[in-house]
Ligand code: GTP
Ligand code: SPV
Ligand code: MN
């Protein structure tokens, strides 16, 4: 190990905290990480020796490694994730709550002696562009080399963080992590927003263990954002340039494994020559009202932690090319030639391979070769479509916000809200079919407001009110749209080709933002006319397009009832303006229902 075990790094609050934690966790040694290449080489060498990493074919995939997690530690565990505040009401009905005293009493014994025989790494990291007044510093203490290596990719580690800290009067987030014994029975991810701290034990998985990501940049940041007047969101961030060279910016919130990375790295279809999508972020955006009355956004992350299955030259060439270098793969299959494979790869299933758990696998095996939530971790600089604006300290001005989800039925391909308040209502009532990104059943429809259900660090009713407040302060707010790439036809297949073809929808959205673009008024909002979406180069028929855009009032009757129950769960914390939006929607749907619709429903069709 070349990293130096410095006795001090010239920051007494950090040193004092490190001493407290070592006195509790009893590591064999303490290493302050500096983010250097030498440190990376040493961490990789040690991880290869211990089996925490497996070397992939270095001539084909330079700098790429495979990690196999514990078999029951493969996704976020939402039922073991808590927000710990003095008052229960502050976390609201959608979060798990634990009183701070209880949390400390429960977790302290788990951390006691947990790092015996291990090295404790102290990782100073910066979330946000260096030199940006919006960036935040965290210090993660962890006993996992895999976590350190991933934090080095996902955040800016070392001196850059300490320098940022020395330039501001702000505090840093104390992020304490230990693998513990990896048992789900002794696993807790607890956030203390009142004291700006996170304690996580018992998991090495991404969102549970890379504490800069969901824990700091969403749960803690959303709490800070409410106090400071901005928004921390589960959103991708892109620049979209048309053939005339006009550059616009879009932020889009989709729940986990619903297409953010893919949209962020979109490659235009052949028929849309001259269009460009520039990647700024694929998972998290911090948005602030600017002095010009617009909403400006930065990506706090420095890398991408993306879903591997389904990533191919065909679906997402940018992402596929990006993961050929300097990438850590977690829980994919391994071919005999030392290259990884997964379901949805361009190559056919290998005749023989090792599955994600290292067990022999053949195409005849009943289980999948790669875990459905297998992931890649890649530095942003490896992305061929990375935007030149990626590290702009003030961020980029947002023209449109999209809310999207997986919905097989009812929800059209795209529709536009009437106002910021109506758009906030569309976000607040978002629901999606669950995915493998969190443990639990896949494909179950659940409410996921703003795609933030697992990530909002405070009462979601107050969060809706904060969205409305932020909108009131904008003289030129982004236009808000709802999208759904996942509507299915009678045969159960997706109606929309998706991936690169999603640019066709973005084109209409930007036309709408520019004040043209043909739209039809419906009870739920503005939808494109039958021919408003550019279909040149596709073989989508009029019939398919009208199925994609269909708004069936009878189907929406059921949605309204479900929305009402959900909105009621926030009690007095629900803003009256959202209640009004719901009432107005119910009236519009009611007015649009024809006797034939009602008859159709009664007969069960
Ligand atoms: P998180 O990292 O969990 O937040 O996920 P994400 O929102 O970034 O999702 P991602 O882009 O990784 O996509 C998840 C899965 O959805 C992958 O298997 C993709 O292949 C698939 N997917 C993405 N975009 C589309 C699309 O437009 N159409 C269809 N049918 N599938 C898509
Ligand atoms: C998600 O689940 O939304 C992710 C992966 O982006 S994780 O970092 O594990 O949360
Ligand atoms: Mn995500």
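The values are calculated or read from the model by the stated rules, or taken from the named source; none is laboratory data. Small disclaimer: the values here were computed from a predicted structure and weren't measured. Note that each Cβ is placed from the backbone with ideal geometry, even for glycine, and that neighbours are counted across all protein chains shown.
Quick rundown of the values:
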| read-out | value |
| --- | --- |
| Selected residue (only one of 574, 540, 549 is modelled with pLDDT of 95 or more, within 24 Å of residue 252 (Cβ to Cβ) and surrounded by 18 or more Cβ atoms within 10 Å (Cβ to Cβ)) | 549 |
| Residues that are buried (at least 24 other Cβ atoms within 10 Å of the Cβ) and either modelled with pLDDT under 95 or in a strand (DSSP E or B) (or both), drawn from the range 331-344 | 333, 334, 340 |
| Selected residue (only one of 477, 454, 497 is part of a loop (DSSP other than H, G, I, E, B), more than 18 Å from residue 262 (Cβ to Cβ), away from ligand 3 (no atom under 16 Å from the Cβ) and at pLDDT 95 or above) | 477 |
| Selection count where residues are in contact (Cβ under 8 Å) with a residue 60 or more places away in the chain, in a loop (DSSP other than H, G, I, E, B), more than 14 Å from ligand 1 (Cβ to nearest atom) and farther than 30 Å from residue 547 by Cα, scope the range 367-415 | 11 |
| Scope the range 282-312; condition more than 15 Å from ligand 2 (Cβ to nearest atom), in contact with a strand residue (DSSP E or B) (Cβ under 7 Å, 6 or more places away or on another chain) and assigned to a loop (DSSP other than H, G, I, E, B); matching residues | 290, 294 |
| Residue within the range 106-116 that is without any contact (Cβ under 8 Å) to a residue 60 or more places away in the chain and out of contact with any helix residue (DSSP H, G or I) (no Cβ under 9 Å at 6 or more places or on another chain) present | yes |
| All positions within the range 396-415 that are surrounded by fewer than 20 Cβ atoms within 10 Å (Cβ to Cβ) and in contact with a strand residue (DSSP E or B) (Cβ under 6 Å, 6 or more places away or on another chain) | 397, 408 |
| Scan of the range 221-233 for residues that are within 16 Å of ligand 2 (Cβ to nearest atom) and more than 24 Å from residue 508 (Cβ to Cβ), ordered by number | 221, 222, 232 |
| Residue match in the range 431-454 (condition: away from ligand 1 (no atom under 16 Å from the Cβ) and surrounded by 20 or more Cβ atoms within 10 Å (Cβ to Cβ)) | no |
| Residue list for the range 480-494, filter: crowded, with 21+ Cβ neighbours inside 10 Å and part of a strand (DSSP E or B) | 480, 481, 482, 483 |
| Tabulated pairs, the range 258-279, first on the phi > 0 side of the Ramachandran plot, second in a loop (DSSP other than H, G, I, E, B) and surrounded by 24 or more Cβ atoms within 10 Å (Cβ to Cβ), C-beta under 8 angstrom, 6+ apart or interchain | 259/485 |
| Residue match in the range 155-167 (condition: buried (at least 24 other Cβ atoms within 10 Å of the Cβ) and over 11 Å from residue 124 (Cβ atoms)) | no |
| Selected residue [under 20 Å from the mean Cα position of the chain (by Cα), away from ligand 2 (no atom under 14 Å from the Cβ) and either assigned to a helix (DSSP H, G or I) or surrounded by fewer than 24 Cβ atoms within 10 Å (Cβ to Cβ) (or both)] from 279, 315 | 315 |
| Yes/no for residue 24 being in contact with a helix residue (DSSP H, G or I) (Cβ under 8 Å, 6 or more places away or on another chain), crowded, with 21+ Cβ neighbours inside 10 Å and part of a helix (DSSP H, G or I) | no |
| Output for the range 318-328, where each listed residue is in a loop (DSSP other than H, G, I, E, B) and more than 14 Å from ligand 1 (Cβ to nearest atom) | 324, 325, 326, 327 |
| Candidates 137, 157, filtered to the one that is away from ligand 2 (no atom under 16 Å from the Cβ), within 20 Å of the chain's Cα centre (by Cα) and either in contact (Cβ under 8 Å) with a residue 40 or more places away in the chain or closer than 20 Å to residue 11 by Cβ (or both) | 137 |
| Answer from 68, 60, 38 - the residue that is without any contact (Cβ under 8 Å) to a residue 60 or more places away in the chain and out of contact with any helix residue (DSSP H, G or I) (no Cβ under 8 Å at 6 or more places or on another chain) | 38 |
| Test: residue in the range 416-430 that is free of Cβ contacts under 8 Å to residues at least 24 places away in the same chain and either in contact with a strand residue (DSSP E or B) (Cβ under 6 Å, 6 or more places away or on another chain) or under 27 Å from residue 301 (Cα atoms) (or both) | no |
| Residues satisfying the stated conditions in the range 246-261, i.e. away from ligand 2 (no atom under 15 Å from the Cβ), part of a strand (DSSP E or B) and in contact with a helix residue (DSSP H, G or I) (Cβ under 9 Å, 6 or more places away or on another chain) | 248, 250 |
| Counted residues, the range 76-92 - those being in a loop (DSSP other than H, G, I, E, B), surrounded by 15 or more Cβ atoms within 10 Å (Cβ to Cβ) and in contact with a helix residue (DSSP H, G or I) (Cβ under 8 Å, 6 or more places away or on another chain) | 4 |
| The one condition in (1) within 16 Å of residue 129 (Cβ to Cβ); (2) within 13 Å of ligand 1 (Cβ to nearest atom) that residue 265 fails to fulfil | (1) |
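A quick yes/no check of all residues on (1) closer than 19 Å to residue 371 by Cβ; (2) surrounded by fewer than 24 Cβ atoms within 10 Å (Cβ to Cβ); (3) at pLDDT 95 or above; (4) within 16 Å of ligand 3 (Cβ to nearest atom):
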residue: 265; (1), (2), (3), (4): no, no, yes, yes
residue: 291; (1), (2), (3), (4): no, yes, yes, no
residue: 303; (1), (2), (3), (4): no, no, yes, yes
residue: 319; (1), (2), (3), (4): yes, no, yes, yes
residue: 329; (1), (2), (3), (4): yes, no, yes, no
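Rundown of residues vs (1) more than 23 Å from residue 427 (Cβ to Cβ); (2) more than 16 Å from ligand 1 (Cβ to nearest atom), yes/no style:
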| position | (1), (2) |
| --- | --- |
| 239 | no, yes |
| 250 | no, no |
| 254 | no, no |
| 271 | yes, yes |
| 283 | no, no |
